[in-house]
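Here the structure is laid out as structure tokens; the discussion comes afterwards.
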Amino acid sequence: SYPNGWQAEQDPTGRLFASRRAGRALTPDESNRFWIDRTLHELRAEPGRLITLPLKKTYTFLQAREIPQNESYAFFKENVWPARLAVVEWWLLLPLALLGVVGVLTAPRSSRGGEGRGLRVTLGWFAIPLLVCVVFFVTARYRLPAAPMLMVLAGAGVGACLERSGAAATRIRWAATAVPFLAIVLLLLPWPYDRASALAREHEHMGLRLQEAGHPRAAEEAYRRAVAIDPDHGDAWNNLGTILVVLERPEEALTAFDRAVASEPGNPVPLINMGTVLGRLQRATAAAPAFRRALARAPGNVEVVVNLGTSPILPETIPEGIRYYEAALPADPTHPTAREMLISAREILAAQGAGGPT
């Protein structure tokens with residue numbers, strides 16, 4: 001899980017998050033040191049995780065279900081029907097591969113030499129993606145390189161079942177019974193991943209692609225499928241709101257943004273979108289509080305400050321807008337809207353004869 005306040009998509013390396021915590025701009029090396037120190041601190045606070053987390057990742061690696069990152073094989077199969085014909089998948093490869101290991105290990109010594117060497121090489125290559133996932137994280141793309149090694153081992157398992165005779169055949173028959181049973185138990189154990197949330201995210205990503213391709217109604221349908229699966233999916237609610245704005249249904253968009261805020265109270269984006277829509281509807285008294293709430297969640301966000309400055313439209317709120325423009329410019333001196341609106345607000349205030357900053 002992400003540390004509270006870290007927006008991974010906007011700050012993928014975590015450098016900005018570390019800089020805010022340090023109170024100054026950190027170099028890449030200093031940022032790395034920050035995260036190393038944080039990791040060591042958490043390990044000292046919870047030493048048991050040093051054991052349980054790799055075990056959980058190993059179990060997740062061996063599970064038949066995929067953890068998607070930018071891709072989802074399960075989602076692909078649901079939406080592309082020819083892919084549903086695929087039967088040689090992880091759930092079948094893993095038991096047969098384990099059977100191949102047992103088959104080679106139970107082979108007579110006279111025939112084990114070449115197969116044993118090949119087994120060690122194959123297992124060595126299989127260990128590389130396993131180690132990467134255990135050290136870092138398990139997703140479909142990082143687990144995929146293990147599939148060719150599983151296929152080789154699975155072939156050895158099938159061959160062992162077909163070729164053995166006598167005592168070797170008895171051993172392999174026992175293995176053929178026990179190994180798939182153990183694999184099935186493994187595959188049926190509780191899944192340490194929220195599949196509904198992952199599927200909802202895939203529908204949300206589909207909506208984004210449809211939106212970028214210029215298909216707003218199809219995008220709306222994808223977003224609605226996402227929130228139907230996971231009603232607390234904040235990003236899907238926010239994106240649904242943006243597409244409803246495109247479809248000129250602002251009241252429905254406001255409802256979607258409100259659901260996004262309820263799902264992710266710390267995310268300023270739906271509040272910014274809500275304030276923008278309220279501003280377009282000439283409901284400035286409602287827009288300003290939305291921007292203030294967004295600013296409380298992202299105090300360094302120049303766009304929020306500028307939007308907050310543009311939200312008041314009544315003459316008595318112009319001095320407040322000026323204060324927000326002046327607060328935005330030091331953070332981004334070249335921001336065109338802040339500079340233009342500051343000049344315009346000062347001119348309006350001077351024309352009213354109220355004085356004000358110059």
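We did not get these values from a lab; they are worked out from the coordinates using the rules stated. Small disclaimer: the values here were computed from a predicted structure and weren't measured. All Cβ positions, even for glycine, are placed from backbone atoms using ideal geometry, and neighbour counts span all protein chains on display.
Spin-label model, residue 248 to residue 135: label points 7 Å out along the Cα-to-beta-carbon direction sit 5.7 nm apart.
In this label model, residue 45 and residue 232 are separated by 2.2 nm, measuring between points 7 Å along each Cα→Cβ vector.
Ordering 219-230, 147-158, 339-350 by mean Cβ neighbour count within 10 Å, with the highest value first, yields 219-230, 147-158, 339-350.
I'd like to compare 201-210, 120-129, 37-46: which one has the highest average count of other Cβ atoms within 10 Å, and what's the full order after that? It would help to have the intermediate numbers written out before the result.
On the way: 201-210: 20.4, 120-129: 14.7, 37-46: 10.8.
Going from most to least packed, we get 201-210, 120-129, 37-46.
Placing a label point 7 Å from the Cα of residue 21 along the Cα-to-Cβ line, the residues of segment 30-46 whose backbone N sits under 12 Å from it are 31-43.
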